[in-house]
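For reference, the structure is listed below as structure tokens.
The values are calculated or read from the model by the stated rules, or taken from the named source; none is laboratory data. Keep in mind it's a predicted model, so treat the numbers as computed, not measured. All Cβ positions, glycine included, derive from the backbone under ideal geometry; neighbour counts span all protein chains shown. These area figures cover heavy atoms from the full protein model, side chains too; ligands, DNA and RNA do not enter into them. Shrake-Rupley method; radii C 1.70, N 1.55, O 1.52, S 1.80 Å.
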Amino acid sequence: MGGQALKHTTTRRYERAEYEVLRDQVLSTLKTDFPHRKLADIQAYRTKPSFGDLDVLMDTDGIREHLAPYIRERFQPNELVVNNHVYSFDYQQFQIDIIGSPHEDFEISRHYFAWNDLGNIIGRLYHKMGFKYGHNGLSLIVREGQYIMGEISLSKEINTILAFAELSPERFAQGFDTLEDIFLFAASSPYFNKQIYLLDNRNHASRIRDKKRATYNSLLKWLETQESLNAYPWDSMREQGGRQITTSFLQKAFTWFPHAQPLYEQLQTDYALKNRIKEKFSGSLIMELTGLDGKVLGHFMTYLREQGAKEWGDFTKWLDQSTPETISAWVLEQFEIYKTTTSIV
């Protein structure tokens, strides 16, 4: 998980047998020291012959600030690198990655990270469908063009998430012996199309990231040999442009996740309100009325919002219900008062 995070100490690959001994030792130590914490090693395909690191998922709610000092004292590493929620360190010439997780996301994170990048591969399917799948579950990003109104959590339950893309939860629960088993599972979704995985069809950031992933490169080589996989007819195979959800997939989400529709509609309502307000009350409009700019304009805008809340209670509602002429007159009235109470103008 930490990749090549350790740059200033020596580590090596472990063959499966010695890896399993070290894995059990590290897990035993962590479970002894944190008996009430959820802990799990990240499952790799069962015939994987050797390992470059050990990934351990850990519920770190409330202890993240204490984890780095604990690692230094308990494991005495030569190097410790903290990258957001991942703690990478060396132990017995092997890289250990402790992946911190909020308690509520632990189970879905365990499934997302399992099976050698399968979560990332499936995530590409969901991206094409217009959704986001990651270590915190499946979500819907509500947007208008490039503007993001909000993100709605759809599910953190793995069986539901898999079934939504018509992947078999029962097959997933059996686990995977080989990389090809993993690839075949992802390709079993009717929404699969190998074209969406080709690096030429990925955006720049994804292309740079996934070129470094050994499993992803193995997937690309495997796809070159496959001729009879599902080939969903996406309008475009390219990732550029971000997630674009169609009406049919949006309606499918509302059917599967009924809580999502009222949240979606509220975001749309809030966005429409924001745009209506912006047409009648914005920095550029206040600047035209008063001639203020820069920090002085910002200070006056804050003053207006404070005064509006005092006078009207729900200032936003008042703005929405008032005409532009009424708002302009009120702003100019407040400007005259403002000039007598501040030395900024």
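The string of couplings for the range 37-45 from the Karplus curve (6.51, -1.76, 1.60, θ = phi - 60°) is 9, 6, 9, 7, 7, 7, 6, 9, 4 Hz, one whole number per residue in order, with x for Gly and Pro. Near A44, the amide H atoms lying under 5 Å from its own belong to W115; only residues 5 or more places off or on other chains count, and H is placed 1.01 Å from N. Build a GNM of the chain with springs between Cα atoms under 10 Å: which of E107, E306, E79 gets the top mean-square fluctuation? Most flexible of the set in this elastic network: E306.
Residues of the range 99-122 with amide nitrogen under 14 Å from the 7 Å Cα-to-Cβ point of R213? Those under the cut-off are 112-122.
Using C-alpha pairs below 8 Å separated by at least 6 residues, the relative contact order for the range 282-345 is 34 percent.
Put I245, I42 in order of accessible area, highest first, and with a 1.4 Å probe you get I245, I42.
Residues whose amide H falls under 5 Å from that of Q95, counting only those 5 or more places apart or on a different chain, are R12, L54, with hydrogens built in the peptide plane. Angle of helix 16-33 to the longest C-alpha principal axis of the chain, folded into 0 to 90 degrees and rounded to 10: 50°. Accessible area ranking (1.4 Å probe, heavy atoms, ligands and nucleic acids excluded), largest first, for D235, D117: D235, D117. Would you please classify the overall shape of the chain from the alpha carbon gyration tensor, given that a ≥ b ≥ c denote the square roots of the eigenvalues, rounded means a/c under 1.5, and beyond that prolate means a/b larger than b/c while oblate covers the rest? Note, shape of the chain comes out prolate. Note on T246: accessible area is roughly 60 Å² with a 1.4 Å probe, heavy atoms of protein only.
Just to verify a number: FRET efficiency for S28 and E166, C-beta to C-beta distance, R0 = 35 Å, to 0.05?
On the way: r = 40 Å, r/R0 = 1.14.
So, using R0 = 35 Å, E works out to roughly 0.30.
Result for the chain in a Gaussian network model with C-alpha springs under 10 Å: among M129, M301, M149, the largest mean-square fluctuation is at M301. Computed with a 1.4 Å probe over protein heavy atoms only, the accessible area of T9 comes to about 30 Å². In order along the range 258-265, phi translates into HN-Hα couplings of x, 5, 6, 5, x, 5, 4, 5 Hz, rounded to whole numbers, per the Karplus curve 6.51 cos²θ - 1.76 cosθ + 1.60 with θ = phi - 60° and x for Gly and Pro. When the trypsin sites (Lys or Arg not before Pro) in the range 174-254 are filtered for DSSP coil states and for at most 16 other beta-carbon atoms within 10 Å of their beta-carbon, the remaining sites are K212, R213, R238, R243.
For the range 208-345, relative contact order (Cα pairs under 8 Å, six or more residues apart, normalised by length) works out to 18 percent.
Averaging the sequence gap over all C-alpha pairs within less than 8 Å and six or more residues apart, then dividing by the number of residues, gives the range 26-145 a relative contact order of 22 percent.
Here T341 sits with roughly 100 square angstrom of accessible surface, probe radius 1.4 Å. For K310, neighbours were defined as the other residues whose beta-carbon sits under 15 Å from its Cβ, and their charges (Lys and Arg +1, Asp and Glu -1) total -2.
Once you reduce the range 149-185 and the range 213-262 to the center of their Cα atoms, the two points are 13 Å from each other.
Residues in the range 324-330 carry Karplus couplings, in order, of x, 5, 5, 5, 4, 5, 5 Hz; the curve used is 6.51 cos²θ - 1.76 cosθ + 1.60 with θ = phi - 60°, and Gly or Pro positions show x. A 1.4 Å probe run over the chain, with the rest of the protein chains in place, finds 52 Å² accessible per residue.
What is the packing order of peptides 138-147, 182-191, 262-271, taking the mean over residues of other C-beta atoms within 10 Å and listing the highest first?
Those peptides, ordered most packed to least, come out 182-191, 138-147, 262-271.
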